[in-house]
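The values are calculated or read from the model by the stated rules, or taken from the named source; none is laboratory data. Treat the numbers as computed from the prediction; the structure is a model and nothing was measured. Quick reminder, even Gly has a Cβ in these numbers, built from the backbone with ideal geometry, and neighbours come from all protein chains shown.
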Amino acid sequence: MKTFLTLFFLVFSNSLFAQKTEILHAVNSLGAPIYSAPSFDSQLVGLVEASNNIYVDKTIDKKVKKRISKDLELEGSWYQLNLDLNFGYVHSSDFSAKPTELIIEHSDLQTVKLFGKELEKKEFTEQTVIDGISYPVKKRVTAYEFATINETFFDGCHNTEYLLVGFTLSEAYHQLINLHSRKNNNRIEIPSIISREGNVWNLSDLDAIQELKLHDLRDGKFKITLYSCT
């Protein structure tokens with residue numbers, strides 16, 4: 001009987017390590033499953049925790065889609081890993097070559113961010129006119145290597161727009177899930193996809209988060225939008 005392992009680090013001999021050409025980081029907030037064979041129907045033998053690294057032993061070129069919902073499938077390949085005396089297999093949609101930053105949020109929830117280094121942050125106030133009356137609107141823009149976050153604060157509501165550049169669909173989806181999951185009684189709850197309209201996926205509300213959407217802008221550009229009100 002095989003023992004189910006939680007994989008924090010993969011340790012290789014120096015000779016095997018020298019053969020590795022790519023280091024990848026787990027971006028699935030629930031952990032990236034390790035299978036006994038390159039099939040989603042095979043036995044689960046381990047888990048790569050979010051933000052931890054793997055060294056790919058071999059890539060199986062055949063493209064396989066991982067089903068998230070009836071409206072979203074993430075295309076990728078199988079990676080073969082050397083697990084001491086056996087091989088394990090993970091799906092590439094759970095990983096990214098981008099450097100990851102692991103943030104510990106409230107309730108000890110781990111969040112993986114793929115934004116890269118912070119480049120600039122600006123905060124300012126603009127005026128908006130409603131029924132002839134001018135009101136102040138606070139705005140904040142944070143620029144990163146691979147993302148820009150635009151935030152608006154007004155009348156108890158917080159509107160947020162993430163612009164992602166150089167992302168795959170898998171990376172954009174997992175970034176959304178990492179940003180907007182919650183921990184409830186030691187269980188991680190993630191937004192689910194409820195519908196798709198063209199290149200826009202609509203996700204379920206979670207607590208104060210409303211109208212959570214993932215937009216595919218093409219050419220590696222994605223947008224995440226949402227608002228929350230108190």
field: Residue in the range 175-230 that is farthest from HIS25 (Cα to Cα), counting only those that are out of contact with any Leu (no Cβ under 9 Å at 6 or more places or on another chain), part of a strand (DSSP E or B) and of a type in the set (D, E, K, R)
entry: GLU197
field: strands (runs of 3 or more DSSP E) contained in the range 2-59 and holding at least 2 residues at pLDDT 90 or above and outside the structural domain of LEU176 (by TED's automatic domain parsing)
entry: 23-26, 32-35, 44-48, 53-55
query: Scanning the range 178-193 for residues that are without any contact (Cβ under 8 Å) to a residue 60 or more places away in the chain and under 12 Å from LEU214 (Cβ atoms), which turns out nearest to the chain's Cα centre (by Cα)?
result: HIS180
statement: Given (1) in contact (Cβ under 8 Å) with a residue 40 or more places away in the chain; (2) loosely packed, with under 14 Cβ neighbours inside 10 Å, VAL90 misses just (2)
- line: The condition of being under 23 Å from PHE95 (Cβ atoms), surrounded by 15 or more Cβ atoms within 10 Å (Cβ to Cβ) and in contact with a Lys or Arg (Cβ under 8 Å, 6 or more places away or on another chain) holds, among LEU226, LEU169, LEU164, only for LEU164
query: Would the range 204-215 turn up any residue that is of a type in the set (A, V, I, L, M), crowded, with 17+ Cβ neighbours inside 10 Å and in contact (Cβ under 8 Å) with a residue 40 or more places away in the chain?
result: yes
- prompt: Does any residue of the range 195-204 turn out to be at pLDDT 95 or above, in contact with a Gly (Cβ under 7 Å, 6 or more places away or on another chain) and of a type in the set (Phe, Trp, Tyr)?
  reply: no
